[in-house]
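> Below is the structure I would like to discuss, written out as structure tokens.
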Amino acid sequence: MHPRFPPNFPRQQQFEHYQDTALPYVGICADLEVHQLLAYCRQHQLSAYRAILFACTRVSEELTWMRWRIRDGGVVEHQQLDCAVTAMGEDQQVRFTSIPWQPDWASFNAAAEAVLAQASASDQLYNGSPEGTDNLVYHSCVPWLRFTQMVQPMPMNPACSVPRIMWGKYDVQPERTLMPLIIQAHHGLADGLHLAQFFQVLQSYLDAPERWLTV
């Protein structure tokens, strides 16, 4: 079967080049300003963690390259992405689960709260969507530590085209609050320009939470 690609796929040459590399991933860690978001969440008694999950998934759906996935030697484009996330179990070990996408904050927040509570109470590593689904974006958080870089586990054979997003402990300063975030993606689908685009669009959400966090 001949590999298939989305119409007018612009990265054919780059895709073919990085398919032959031993480590076909690219990642960037940078700070995001979250003062406005945290203040809004405190004012309205909202979970900043679930708000960040919602914002990251919304931005991922807005950016075409975040919806591309490598499959059968070609590329497919998803129209909807679910939010894969980690949860901490009662035994202090990680659990994997996923939040089905909801386009509005209230629905997403309710689904996320239920899914995360269920995963935390589970004694199983995998919860939610079955392993192997690729219409996801993986999210994780290390709230105990501020970092400037982190390597996330990525399959090598075959390589994985699901982006990984992780953020760390807030750096609270007198006039701003910074949050480190790293995004990793398959280099056949994205370059540094695309990763920077993700940060720019996400920052626009974090700067104006009243636009999308309806209360």
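> Conditions first: (1) over 13 Å from the mean Cα position of the chain (by Cα); (2) closer than 18 Å to Asn127 by Cβ; (3) buried (at least 20 other Cβ atoms within 10 Å of the Cβ). Ile70 passes all but one, so which condition is the exception?
If we test Ile70 against (1) over 13 Å from the mean Cα position of the chain (by Cα); (2) closer than 18 Å to Asn127 by Cβ; (3) buried (at least 20 other Cβ atoms within 10 Å of the Cβ), just (2) comes out false.
> Turning to a different aspect of this structure: Could you say whether any residue in the stretch 106-123 is within 17 Å of Ser47 (Cα to Cα), touching a strand residue (DSSP E or B) at 6+ places or on another chain (Cβ under 8 Å), of a type outside the set (Val, Ile, Thr) and not in a helix (DSSP H, G or I)?
no
> Quickly run through the stretch 160-205 and pick out the residues that are assigned to a loop (DSSP other than H, G, I, E, B) and aliphatic (A, V, I, L, M).
The first filter runs over the stretch 160-205 and keeps only residues assigned to a loop (DSSP other than H, G, I, E, B), leaving 160-163, 169-170, 173-176, 187-191.
Within the stretch 160-205, Val162, Leu189, Ala190 meet the criteria.
> Still on this structure, I have one more. Between a residue in the stretch 145-171 that is free of Cβ contacts under 8 Å to residues at least 40 places away in the same chain and on the phi < 0 side of the Ramachandran plot and any residue that is exposed (fewer than 10 other Cβ atoms within 10 Å of the Cβ) and not in a strand (DSSP E or B), which pairs come within a Cβ distance under 7 Å, given they are 6 or more apart or on different chains?
Gly168/Leu145; Lys169/Trp144; Lys169/Leu145
> How many of the residues making up the stretch 148-166 are open to solvent by less than 90 Å² (accessible area, probe 1.4 Å) and out of contact with any helix residue (DSSP H, G or I) (no Cβ under 7 Å at 6 or more places or on another chain)? Walk me through it before giving the result.
If we filter the stretch 148-166 for residues that are open to solvent by less than 90 Å² (accessible area, probe 1.4 Å), which is where we start, we get 150, 152, 154-155, 159-166.
Imposing the further condition that a residue be out of contact with any helix residue (DSSP H, G or I) (no Cβ under 7 Å at 6 or more places or on another chain) reduces the set to 150, 152, 154-155, 159-162, 164, 166.
Looking only at that region, the number is 10.
> Can Leu145 be described as of a type in the set (A, V, I, L, M, F, W, C), modelled with pLDDT of 90 or more and open to solvent by 20 Å² or more (accessible area, probe 1.4 Å)? Write out each step before concluding.
On the way: of a type in the set (A, V, I, L, M, F, W, C): yes; modelled with pLDDT of 90 or more: yes; open to solvent by 20 Å² or more (accessible area, probe 1.4 Å): yes.
Spelling it out, Leu145 is indeed of a type in the set (A, V, I, L, M, F, W, C), modelled with pLDDT of 90 or more and open to solvent by 20 Å² or more (accessible area, probe 1.4 Å).
> If Ser47 passes every condition in (1) open to solvent by less than 50 Å² (accessible area, probe 1.4 Å); (2) under 22 Å from Gln184 (Cβ atoms) but one, which one does it miss?
(2)
> While we're looking at this one, here's another question. Is at least one residue of the stretch 159-167 of a type outside the set (D, E, K, R) and farther than 21 Å from Tyr18 by Cβ?
yes
> Tally up the residues in the stretch 147-183 that are out of contact with any Ser or Thr (no Cβ under 8 Å at 6 or more places or on another chain) and over 21 Å from Gln92 (Cβ atoms), please.
Summing the residues that are out of contact with any Ser or Thr (no Cβ under 8 Å at 6 or more places or on another chain) and over 21 Å from Gln92 (Cβ atoms) in the stretch 147-183 gives 23.
> Given (1) closer than 21 Å to Trp212 by Cβ; (2) in contact with a strand residue (DSSP E or B) (Cβ under 8 Å, 6 or more places away or on another chain), where does Gln197 come up short, assuming only one miss?
(2) is the only condition that Gln197 fails.
> Exactly one of these conditions fails for Ala114: (1) without any contact (Cβ under 8 Å) to a residue 40 or more places away in the chain; (2) of a type in the set (A, V, I, L, M, F, W, C); (3) surrounded by 13 or more Cβ atoms within 10 Å (Cβ to Cβ). Give me its number.
So Ala114 meets the others, but not (3).
The values are calculated or read from the model by the stated rules, or taken from the named source; none is laboratory data. On a predicted model such as this, the values are computed, not experimentally measured, just so you know. Here the Cβ is made from the backbone with ideal geometry for all residues, glycine too, and neighbour counts use every protein chain on show. In case anyone asks, the SASA skips ligands and DNA or RNA and just uses the protein heavy atoms, side chains included. Shrake-Rupley method; radii C 1.70, N 1.55, O 1.52, S 1.80 Å.
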